[in-house]
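The values are calculated or read from the model by the stated rules, or taken from the named source; none is laboratory data. Remember, it's a predicted structure, so these values are computed and weren't measured experimentally. Backbone-built Cβ (ideal geometry, glycine too); neighbour counts: all protein chains shown. The protein model used for the area step is the full one, side chains on, heavy atoms only, and it has no ligands, DNA or RNA in it. Shrake-Rupley method; radii C 1.70, N 1.55, O 1.52, S 1.80 Å.
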Amino acid sequence: MREDKNNKTSQHGKGQLQKKPWFLPAVYAGSALMLAGILFGYNTLVSKVEEAPLPNVAEVEPGPVVETNARTETMKYPFKEEALNKVQIVQEFYDVEASAESQEKALMVFNQTFTTSSGISLAMNGEEFEVLAALSGKVTEVKLDAFTGNQIVIEHPNGLQTQYSSVKDIMVKTGDEVTQGQVLGKATDNEWNQAAGVHLHFEVLENGNYINPKKRLGF
């Protein structure tokens, strides 16, 4: 009986509440406020996503430049390859372990003074020929000396360095980046090594030590 009475009382209260003139407007107003709050929250979220700054490609710091091509190059002749059959080695690289005959060919004489060759001297029947960069790299020195022969020094990756002596009409300068096969100048003669005539004296260093260029070139 109490439960029935309570239910009747509750339903009577709800009925009385719904009959109030402000009840339905209040419900509508509350629903409208809730919907407005949901829409506002959604719009705020979308605006933040849209306003998020994109990374500026121009401001991204580039990564280190890797000299891929230069590091994978194989040394080439310091002259046009098609002229290989015309080239003579007029002076050899001096190797302490070589035969006496080879060591004799590696001696240079000036004023009755003997000097050992730290490279190879290349000639083409006394003719001038274009001197080419054997590898890509950077010119670190251009030394002008008519007596001993003008010299070009180029640094390469992996601790390599090439030197080109007895060169005229030089077409590069210190600081230049050169590519493999690029023309550096022309072979010529000099007073210090007159016996070689018109020639190119070509030297190769590995980690600061002279090595026989023939170890990297197929003569």
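Within segment 169-210, which residues are more than 23 Å from the chain's Cα centre (by Cα), assigned to a strand (DSSP E or B) and in contact (Cβ under 8 Å) with a residue 24 or more places away in the chain?
Gly185, Lys186, Ala187, Thr188, His199, Leu200, His201, Phe202, Glu203, Tyr210
Could you tell me which residue of segment 93-116 is most open to solvent (accessible area, probe 1.4 Å), considering only residues that are in a loop (DSSP other than H, G, I, E, B) and in contact (Cβ under 8 Å) with a residue 40 or more places away in the chain?
Within segment 93-116, the match that is most open to solvent (accessible area, probe 1.4 Å) is Asp95.
Yes or no: Gly218 open to solvent by 20 Å² or more (accessible area, probe 1.4 Å) and under 22 Å from the mean Cα position of the chain (by Cα)?
no
Can you name the residue in segment 133-151 that is surrounded by fewer than 22 Cβ atoms within 10 Å (Cβ to Cβ) and more than 20 Å from Glu206 (Cβ to Cβ) and is also farthest from the chain's Cα centre (by Cα) among such residues?
So, considering only residues that are surrounded by fewer than 22 Cβ atoms within 10 Å (Cβ to Cβ) and more than 20 Å from Glu206 (Cβ to Cβ), the one farthest from the chain's Cα centre (by Cα) is Phe147.
State which residue is farthest from Phe79 (Cα to Cα) when the search covers only segment 152-186 and only residues that are among the small types (Gly, Ala, Ser), modelled with pLDDT of 95 or more and open to solvent by 20 Å² or more (accessible area, probe 1.4 Å).
Gly175
Looking at segment 61-85 only, could you name the residues that are at pLDDT 85 or above and either open to solvent by 80 Å² or more (accessible area, probe 1.4 Å) or touching a Pro at 6+ places or on another chain (Cβ under 7 Å) (or both)?
Thr74, Lys76, Lys80, Glu81, Glu82, Asn85
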